[in-house]
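Below is one structure, written out as structure tokens, with a few remarks after it.
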Amino acid sequence: VVTGLSAGSVLGGMLGLPLIRSYGWPAIFWVGGILPLLALPGVSRMLAAQAGACMADAGRQQGKVAALFRNGLGGRTTLLWLFALLTFLNAYALMFWTPTLLMDFGLRPEQAPLGTAAFGLGGLIGNLVMIALVAGTGVRALLFAATSIAMVCVLVISRAELSSGAVL
């Protein structure tokens, strides 16, 4: 899911730049509203096909959400859900505020989508590297290392004097 979010951010940033240059910033909202409507028939057919496959499998026993909280799993389930919530809140907040922050650093408004694309590309590369590393290190060690590295990076960046070129 996070990899898809990053890939969409790259795509949106790369498409946003020519849209803003040619038609102004409202064009992003028009394209962002019209494309999902154009995709709706295909998504509807795909969901209908999946619903049919699910109905065919209805004889199998279905899992219950309550099972995630039984047998001592309640604490872990809650922490995992909280971690996912905070990850998505952080990703969305950064993604939506990146253009504003970059303009505060001195970039022109038409350059801001490149910052969004760069943010998404960093996330996409990071996700792919983590997927490759998780098999060798395990989830717990990798999450601890990645979180520690991220904290150090945030600390270093917050203390550095950066030009607008260095930010991008």
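Where does helix 26-56 land angle-wise versus the long Cα axis of the chain, in degrees 0 to 90, nearest 10?
10 degrees
Tilt of helix 2-23 relative to the longest C-alpha principal axis of the chain, in degrees (0 to 90, nearest 10)?
Taking the Cα atoms of the chain, the angle to 2-23 is about 40 degrees.
Can you give me the accessible area per residue for the chain, using a 1.4 Å probe, in Å²?
Per residue, the chain has an accessible area of 74 Å².
Whats the longest run of the chain with zero trypsin sites (Lys or Arg not before Pro) that are DSSP loop and have at most 16 other Cβ atoms within 10 Å? Intermediate values should be presented prior to the final figure.
Details: sites that count: ARG60, LYS64, ARG70.
Result for the longest clean stretch: 71-168.
If you take the Cα atoms of the chain, find Rg, then find the Kirkwood Rh from the mean of 1/r over all pairs, what is Rg/Rh?
Details: Rg = 20.5 Å, Rh = 19.4 Å.
Over the Cα atoms of the chain, Rg/Rh equals 1.05.
For segment 71-87, take each phi angle, set θ = phi - 60°, evaluate the Karplus expression 6.51 cos²θ - 1.76 cosθ + 1.60, and give the result in whole Hz per residue in order, putting x for glycine and proline.
6, x, 8, x, x, 5, 4, 4, 5, 5, 5, 5, 4, 5, 4, 5, 4
Using the Cα atoms of segment 10-49 to build a convex hull, what is its mean projected area in square nanometres? The partial results should precede the final answer.
Working: hull surface 12.6 nm².
Projected over every direction and averaged, the Cα hull of segment 10-49 covers 3.1 nm².
Over the chain, with every protein chain in place, what whole percent of the accessible area is carbon and sulfur at 1.4 Å, could you tell me?
Values: 9110 of 12480 Å².
C and S fraction of accessible area: 73 percent.
The values are calculated or read from the model by the stated rules, or taken from the named source; none is laboratory data. Everything numeric here is computed off the predicted structure, so don't read it as measured data. Note that each Cβ is placed from the backbone with ideal geometry, even for glycine, and that neighbours are counted across all protein chains shown. SASA here: full protein model, heavy atoms, side chains in, ligands and nucleic acids out. Shrake-Rupley method; radii C 1.70, N 1.55, O 1.52, S 1.80 Å.
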